[in-house]
């Protein structure tokens, strides 16, 4: 069957593309073999062969790819054609509404992309707060809680702040008393009046210059000692602070900022690491951290906010106080009192519990006193733990762990694979790579064309 067609020389395109030539092409007469299929016809050209790269048959309204020429007898050349379904039905494809899964245009960079590989290698970014917290002083301060007749602002028991030098002075007063003071200690049982001794990571100089404490001599039970400490006398023993830490994001703003692609961890002084959900940080520039420390108990509350106060991400509560061992001498009071009673005889009457002094020889009882008074057991209150946490420093530190990935912002990647969209749209609103989900085009054509086009749309094609 004789017919006319247009052909183009030098025109190139991808097979899964809707691209069509912009030029008018060259029209020639050809003969279509009678046993041809319209989807894949064979044409015969008489005379000199032509350099046919792409053709359009106006009678059928179809574009065709051209196979290699087959040279026949009598100066004839055969060309086997294959319909270009996407170019032929470009208008119908463009007007189709479909679920656009990927596209080179109109994509959403915050949708995770399964086409982007994730490496086991990671980059660690860190921001160290420029400010220091007030509850991580490595030298620290000691808080002694005792029972006495005065109490303090925090309650019935009195609390004294002191440094190492002051605590040594108090220990010297308590443990190296004169003979008469020793008798008073047995009588008053000062050891029982010591409630606790805690080390706290607060600055001693800051506490001693504050209005919530007053310098005065220690009073344990009802006894006063020459060594002085700072007793809590006011109610302003809270230590408040706030700081801002910049989030060390990667340079490209997209879904890789969120979990599980990025892990965020905050190092809190005197506490350790806290895992943050990086997805909660998306869109933020900083962390705004507030804290309050109770210097009478060691309790610390940390509030982690996104950018500003009120955008709370997480709250942390912990205690920085470290129970210190108090070595108390549990003396053999019965033996000691008997010896003392023998020494003072009837001049001094001593009662300690149910022990009453009686007559005894001075020399023998003095030796007995020395042995009995030095027979003791050591009891501990608390244990040494937590002070090593000051090695972490006194600044908040924010860490981001970001895995290495293929760069989805690369122009070549976007042109070839697109990026996620996941919304319904008209295909003609996009250009470049497009991939749909369950798309079905409406065309005036046979089922072979329809199935082929639908397959292209749902596996990915180029709308050009």
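Please treat every number below as a calculation from the coordinates, not as lab data. Note that the coordinates shown come from a computational prediction; the quantities given were computed from them, not determined experimentally. Counting neighbours? That spans all protein chains shown, and the Cβs are built from the backbone with ideal geometry, glycine included.
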Query raised in the report: residue 60 to residue 292: extension gain in nm, 0.36 nm per residue of separation minus the Cα-Cα distance?
Result: 75.4 nm
Query raised in the report: Could you put 126, 306 in order, starting from the residue whose Cβ has the fewest other Cβ atoms within 10 Å?
Result: 126, 306
Query raised in the report: Relative contact order of segment 2-88: what whole-number percent is it, with Cα pairs under 8 angstrom and at least 6 residues apart?
Result: 32 percent
Query - Euclidean distance of C-alpha centroids, segment 1-58 and segment 427-464, integer Å - result: 23 Å
Query raised in the report: What is the order of 119, 440, fewest Cβ neighbours within 10 Å to most?
Result: 119, 440
Report summary line: Pseudo-spin-label distance residue 74 to residue 92, built 7 Å along Cα→Cβ, given in nm, is 3.8 nm
Query raised in the report: Fewest first, what order do 323, 82 take by the number of other Cβ atoms within 10 Å?
Result: 82, 323
Report summary line: quick shape note, segment 1-155: Cα extents on principal axes in Å, largest first -> 127, 32, 28
Query raised in the report: If eta is 0.890 mPa s and T is 25 °C, what Stokes-Einstein diffusion coefficient results for segment 2-88, Kirkwood Rh from Cα pairs, in µm²/s?
Result: 188 µm²/s
**Report entry** Pairwise centroid distance, computed over Cα atoms, of segment 198-221 with segment 243-317, Å
**Finding:** 32 Å
